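Worksheet for the structure shown next.
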Amino acid sequence: METLAQLEALCERLYNSQDSVERAQAESTLKCFSSNADYISQCQYVLDNASSPYALMLASSSLLKQVTEQSLPLQLRLDIRNILAYLQMIKTRRNYLLNYLASKGPELEPFVLGSLIQLLSRITKFGWLDDERFREVVKEATNFLSQAQYHYAIGLKILNQIVSEINQHTVGLHATRQRRIAISFRDQSLFLIFQISLTSLFKLKVDVGSKLQELSLMLSLSCLSFDFMGTSYDESSDEIGTNQVPLTWKPVLEDPSTLQIFFDFYTMNQPFSKEVCFY
């Protein structure tokens, strides 16, 4: 592929064309990005330089597939993991931020941001037991929470996705390793994330109906719904499920202020808060 513009045009056809033949041709041409490890550096180049959200989506989804389906060396996974820097450059590089806002508005397209966060979470999960640097993501995500609203939302979305990613089975990951990752995450990071969610709820209590409130509530729910003991039940069943929260959580869960904050959100009469707090 000769130019970035050509790549962006192909991505536009891949995701938007109504012509099935044209879409198939674009998919065939771009398949190398998700199937060949030599294209990982090119995916990162696209993330740094492309203006088309569809090109960003291609790069992110291709990296996700590479991480999930290929047995990538540890150092290569660590290199890809630096995708977090792509999210953080919006707050750390002022000139980039100004140019970015001028061309694309205050946020990434939601589908691009979601894909990038899913990629970060998948990389974190697959490398969790291999190197302690993968386990620093919680601290790194927390750094977003001290920034403005947009970055605060990114931080909460990262934490939400990581809890969800660790808690669910990933195709291609052996069940034994899956459980070892979940146990390690539960013991090292989950309680901290739950405390972060509570801190956010207290901080955002007056911000009625905001997206940040919803993200914070969902984070609390994700933490409390975690499969602590590896005995998850079928949510589609009519049977009532139970979850055994670790004893170390007991002081916080029994703290009157913890219960009160959930009751407070329930009485705010916002659809999302009623649903989550009732659960």
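The values are calculated or read from the model by the stated rules, or taken from the named source; none is laboratory data. Please read these numbers as outputs of a predicted model, since none were measured by experiment. Ideal geometry is used to build each Cβ from the backbone, glycine not excepted, and the neighbour counts take in all protein chains shown.
The listed residues are GLN168, GLN147, and the only one of them that is over 11 Å from the mean Cα position of the chain (by Cα) and either free of Cβ contacts under 8 Å to residues at least 12 places away in the same chain or at positive phi (or both) turns out to be GLN168. Listed by first and then second residue, the pairs linking a residue in the stretch 253-269 that is within 19 Å of ASN243 (Cβ to Cβ) to a residue that is among the aliphatic types (A, V, I, L, M), with Cβ atoms under 7 Å apart and 6 or more places separating them unless they lie on different chains, are LEU253/VAL245; THR258/LEU198; THR258/VAL252. Please give the number of the condition SER121 fails out of (1) hydroxyl-bearing (Ser, Thr, Tyr); (2) farther than 27 Å from GLN260 by Cα; (3) modelled with pLDDT of 95 or more. SER121 satisfies all of (1) hydroxyl-bearing (Ser, Thr, Tyr); (2) farther than 27 Å from GLN260 by Cα; (3) modelled with pLDDT of 95 or more except (3). When the residues of the stretch 4-46 are filtered to those that are β-branched (Val, Ile, Thr) and within 18 Å of SER115 (Cα to Cα), the one that is surrounded by the fewest Cβ atoms within 10 Å (Cβ to Cβ) is ILE40.
Only a single item in (1) outside any helix (DSSP H, G or I); (2) among the aliphatic types (A, V, I, L, M); (3) modelled with pLDDT of 65 or more; (4) more than 24 Å from the chain's Cα centre (by Cα) is not met by ILE240, and it is number (3).
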